[in-house]
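Visitor: The structure that follows is given in the form of structure tokens.
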Amino acid sequence: MIITYNQYSFFNFYKMNITQQGRIKSIIAELYHDAKNDYLRMMKGVAKSIFRPMQPADFKDAYLAISQEQGEGLVKLVTAKKSKNIVEFGTSFGISTLFLAQGAIETGGSIITTELIASKAQKAIENFKKAGVNDLIELRTGDAMQTLKNYNKPIDLLLLDGWKDLYLPLFQMLEPNYHANTIIYVDNADMAESRTFLNVVNQNSKYQLDYKYHGKVVLIMVK
């Protein structure tokens with residue numbers, strides 16, 4: 001059998017794709033293993049709020065990661081919607097970002113993600129490099145209202161998974177970048193601050209809300 005140059009290129013690309021996806025999955029598995037004691041880390045952060053309001057820095061050691069099921073669902077969502085311009089609010093140590101990268105590899109897309117805590121951002125960058133996807137991801141460190149202030153590209157998928165009181169102002173700031181096929185993925189949608197945000201969005205007839213994972217996630221779609 002004679003293999004043409006185009007066939008050879010396709011098979012070579014396919015092989016590289018499989019290898020890279022396996023590498024990403026391996027790093028995700030390592031991070032989930034490290035996150036198994038996250039409950040204790042979270043409780044330490046919550047304990048600090050007894051004497052003052054809770055702050056993002058209280059959870060600088062906690063993953064606060066999405067579930068494996070959610071992550072796999074994100075990959076399917078990115079590929080099904082052919083999302084290329086992906087924006088994430090709340091990188092943490094990069095688990096959700098790596099799931100997004102799995103989808104972005106298939107669609108030829110890229111990701112801009114933002115993290116407030118510098119130590120988390122640095123660790124996330126290391127994880128992206130180990131997974132071999134740092135070329136697909138731009139991580140911006142700092143307040144998302146500043147790091148995404150001048151974002152001016154169409155957004156195919158926006159993942160909201162950071163400090164909940166920023167969901168609404170960030171959503172509104174990025175609204176000019178939405179288009180007919182934009183999806184806003186809202187994690188922790190069952191939390192009080194998230195419900196307040198969703199109630200505001202739901203009053204706008206421009207948007208449609210779709211509840212997933214027993215209400216833990218809401219997909220906001222442009223009608």
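The values are calculated or read from the model by the stated rules, or taken from the named source; none is laboratory data. Just so it is clear, the model here is predicted, and its values are computed rather than measured. Positions of Cβ are backbone-derived with ideal geometry, glycine not excepted, and every protein chain shown enters the neighbour counts.
Visitor: Please enumerate the residues belonging to the range 175-194 that are charged (D, E, K, R) and in contact with a helix residue (DSSP H, G or I) (Cβ under 9 Å, 6 or more places away or on another chain).
Guide: ASP187, ASP190, GLU193
Visitor: Also: I'd like to check something: does the range 192-201 contain any residue that is farther than 15 Å from THR91 by Cβ, of a type in the set (S, T, N, Q), within 18 Å of the chain's Cα centre (by Cα) and at pLDDT 95 or above?
Guide: Checked the range 192-201: at least one residue is farther than 15 Å from THR91 by Cβ, of a type in the set (S, T, N, Q), within 18 Å of the chain's Cα centre (by Cα) and at pLDDT 95 or above.
Visitor: Every residue in the range 203-223 that is in a helix (DSSP H, G or I) and either among the β-branched types (Val, Ile, Thr) or loosely packed, with under 14 Cβ neighbours inside 10 Å (or both), please.
Guide: Passing the criteria: HIS214, GLY215.
Visitor: Just give me the residues in the range 24-54 being among the aromatic types (Phe, Trp, Tyr) and either modelled with pLDDT of 80 or more or part of a helix (DSSP H, G or I) (or both), in sequence order.
Guide: TYR32, TYR39
Visitor: Another one. Could you list, in sequence order, all residues of the range 38-87 that are touching a strand residue (DSSP E or B) at 6+ places or on another chain (Cβ under 6 Å) and of a type in the set (A, V, I, L, M, F, W, C)?
Guide: Matches in the range 38-87: ILE86, VAL87.
Visitor: When you check MET43 against the structure, is it farther than 30 Å from GLU106 by Cβ and touching a Gly at 6+ places or on another chain (Cβ under 9 Å), yes or no?
Guide: no
Visitor: Could you please let me know if SER194 is over 28 Å from GLU106 (Cα atoms), hydroxyl-bearing (Ser, Thr, Tyr) and not in a loop (DSSP other than H, G, I, E, B)?
Guide: yes
Visitor: Also: Quick check: is even one residue across the range 93-110 over 9 Å from the mean Cα position of the chain (by Cα), farther than 15 Å from ILE28 by Cα and among the acidic types (Asp, Glu)?
Guide: Yes; the residues of the range 93-110 include at least one that is over 9 Å from the mean Cα position of the chain (by Cα), farther than 15 Å from ILE28 by Cα and among the acidic types (Asp, Glu).
Visitor: Considering only the range 113-138, state which residues are more than 22 Å from PHE59 (Cα to Cα) and either in contact with a Lys or Arg (Cβ under 8 Å, 6 or more places away or on another chain) or touching a residue at least 12 places away in the same chain (Cβ under 8 Å) (or both).
Guide: Once the filter is applied, which keeps residues that are more than 22 Å from PHE59 (Cα to Cα) and either in contact with a Lys or Arg (Cβ under 8 Å, 6 or more places away or on another chain) or touching a residue at least 12 places away in the same chain (Cβ under 8 Å) (or both), the range 113-138 yields LYS130, ALA131, GLY132, VAL133, LEU136, ILE137, GLU138.
Visitor: Determine, yes or no, whether VAL186 is within 23 Å of ILE117 (Cβ to Cβ) and either modelled with pLDDT under 95 or out of contact with any Gly (no Cβ under 6 Å at 6 or more places or on another chain) (or both).
Guide: yes
Visitor: Among residues belonging to the range 159-184 that are touching an Asp or Glu at 6+ places or on another chain (Cβ under 8 Å) and outside any loop (DSSP other than H, G, I, E, B), point out the one that is surrounded by the fewest Cβ atoms within 10 Å (Cβ to Cβ).
Guide: Checking each candidate, the answer is ASP165.
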